[in-house]
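Structure, as C-alpha cells:
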Amino acid sequence: MRNPFELFAGLRYTRAKRRNHFISFISGASILGIAVGVTALITVLSVMNGFERELRVRILGMASHATIVGAEGPLMDWPDAAAQSETHPNVIGVAPYVEGEGMLRVGNELSGTLLRGVLPAREPRVSDIDQKMVVGEFDALQAGEFQMVLGVELARLLGVVVGDTVDLMIPQASVTPAGVMPRFRRFTVAGVFEVGMYEFDRGMVFIHMADAQALLRMGDGVTGVRLKLDDMFLAPRISRELAAELPGVYYVSDWTRSHANFFRAVATEKTVMFIILSLIVGVAAFNIVSTLVMVVQDKQADIAILRTLGASPRSVMLIFMVQGSLIGIFGTLLGLAGGIGLALNVENIVPLIETILGQPVLAPDVYYISDLPSELKQADVVRIGGLSLALGLLSTLYPAWRASKVQPAEALRYE
C-alpha cells in the first residue's frame, strides 16, 4: 500500500472532535509544554554560546594567544626570542611587555591596578587596545614622558580625564634619608579605553615599556613576549613547537592554560543548563503519556470495532503512536520557531527590557560582560529538535501498547 492505513487512522483520530474536552486541554498543554521547553533550550544555549564567544574575543583581545617568559626572572634577550618566534608560520604578531602591580592615587581616591608596559607601535599586533580607545590615542604613549592609558571604569572612579595627573605607587621600596619609602611616580593621563569587560576597564593601566622598565628597575629586560596566532585553537600545539625551537631556557604558555577556568566554567554551565531545561520537555512528554492513556480509555469501543474488522494489535499500536507523535511534532516545530526567533532577537529585546525597568539586566560591576549576547548554532537546533522528537515518540510507546492489548469482547460487553 502506498499510504498505510495506520497513518490515516491516526491522523483521523487527531482531527476528530473529541467528546471529552479535558483530553483536548491536556493535549494542548502537552504541545505548549514541549514548545516552551524547546524555546527555552534554544534561547539559553544560544545565550551561553554568545557569552563564550564574547569572553573569548574580549579576553584574547587584551590578553594573548601565547606568551614567552624567562624561566628565571626577567627576559633579557627578548629581541632574539621575538625574532625566532616570528619565523613560525602560524605566528602573525609579536610584542614585548612588562607587567607589574601598583596603586593609583588622585586626591583621596586610591585604587589598585595591573600595570602593563608596552611598545605602542608593537602592541596592536597582539591586542585590540588601539581599537578600544574612547578618548585620546594609544600611540600617544612616549618613552620618558610618563603617560598612561587607563580603563573607563577606573577613570570614572578616580575622576580623571585626559591631561590630569595620577600618582602611581608600586610595591617596591626605595631607601632614602627619611627611611624606606614606597616607589612613587606622577603620570599624566593620555587616553581612556573601554573593552566592555569590567575586569579590564576597572583594573588595567598601560604605560610605555621604557617607563615601566625604569619604574620597576628591570634594565633592558621584560616580563615576556606576547604572541598572536592565525588560529588561536592551535595555541597548545604551537606553544610546544616554540618551546622546542627556541634556544635557551624559556617557559611558553598559551591561553588555554591561563584562561582555562573561564571557558571550562562556561562549558560546564551549558551542559548543566541543557540537562535542567531538558526536564521541561520531559515533563511535557509525560503529559503526552497521560493524554494517550485517557484517549485509549475513551476509545475502548472504537479499538474493539477496529479489532473485529481485522486490525492487528500492531496496527492499533501504530495508530496511537501516530496520534501521540503528532503532539510531539507540533510542539517541537512551535518551539523551534519560537526559540530561533527569540535567539536571533535577544540582543534587541534586552535593551527594551532595560529601558522599561530602568536598570541594567546584567550589572557591569558584577558580571564580566554587561550585555546579553547570543549565537545561534545549527548543531544545537538539530540536537534539541531531535531530543524533543525522541521524547515525544518514546512517550507514545506505553499508551499505544496498552491500546493494542484491548480485548474486543471485554470492551464491547456493556455497549
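Would you work out which of V126, Q297, L326 lies farthest towards the positive end of the dipole of the chain, given +1 charges on the beta-carbon of Lys and Arg and -1 on that of Asp and Glu, about the Cα centre?
With unit charges placed on the Cβ atoms, the residue in question is Q297.
As a test of reading the structure, rank Y250, Y398 by solvent-accessible area (1.4 Å probe, protein chains only), most first.
Accessible-area ranking of Y250, Y398, largest first: Y398, Y250.
Give me a comma-separated list of calculated 3J(HN,Hα) values for segment 320-330, in order, Karplus coefficients 6.51, -1.76, 1.60 applied at θ = phi - 60°, integers in Hz, x for any Gly or Pro.
Working through the residues one at a time gives 6, 5, 4, 4, x, 5, 4, 4, x, 5, 4 Hz.
So if R0 is 25 Å, what FRET efficiency would I276 and W401 give, r being the distance between their Cβ atoms, rounded to the nearest 0.05?
Plugging the Cβ-Cβ distance into 1/(1 + (r/R0)^6) gives 0.25.
Measuring from centroid to centroid over Cα atoms, what is the spacing of segment 286-341 and segment 108-156 in Å?
66
Can you give the FRET efficiency for E199 and F25, using 1/(1 + (r/R0)^6), R0 = 51 Å, r = Cβ-Cβ distance, to the nearest 0.05?
Approximately 0.50, to the nearest 0.05.
Ordering V381, V295 from largest to smallest accessible area (1.4 angstrom probe), what's the sequence?
Correct descending sequence by accessible area is V381, V295.
Please determine, in degrees from 0 to 90 and to the nearest 10, the orientation of helix 21-62 with respect to the longest principal axis defined by the Cα atoms of the chain, where the helix direction is its Cα long axis.
So the helix axis and the longest Cα principal axis differ by about 20 degrees.
How many Å² of accessible area per residue for the chain, probe 1.4 Å? Don't skip to the answer; put the middle values down first.
Values: 20810 Å² over 415 residues.
Computed with neighbouring chains in place, this is 50 Å² per residue.
In the chain, how many lysine pairs have Cα atoms under 18 Å apart, counting only pairs 8 or more places apart or on different chains? Walk me through the numbers before you get to the answer.
Numbers: K17/K299; K132/K228; K270/K377; K299/K405.
Lysine pairs meeting the criterion: 4.
Rounded to the nearest 10 Å², what accessible area does H88 have for a 1.4 Å probe in the complete protein model?
10
Sequence-distant or interchain residues sharing an amide H contact under 5 Å with G196, placed H: which?
HN-HN under 5 Å from G196: D201.
Round to a whole number: what % of the accessible area of the chain belongs to carbon and sulfur, probe 1.4 Å?
Of all accessible area on the chain, carbon and sulfur atoms account for 59 percent.
Loop-only check: which GluC sites (Glu not before Pro) in segment 56-126 are DSSP coil with at most 13 other Cβ within 10 angstrom?
On the way: sites: E72, E86, E99, E101, E109; in loops: E72.
Loop-located and lightly packed - E72.
The values are calculated or read from the model by the stated rules, or taken from the named source; none is laboratory data. In this text, all values refer to a predicted model and were calculated from it rather than measured experimentally. All Cβ positions, even for glycine, are placed from backbone atoms using ideal geometry, and neighbour counts span all protein chains on display. Protein only, heavy atoms only, side chains kept; ligands, DNA and RNA dropped before computing areas. Shrake-Rupley method; radii C 1.70, N 1.55, O 1.52, S 1.80 Å.
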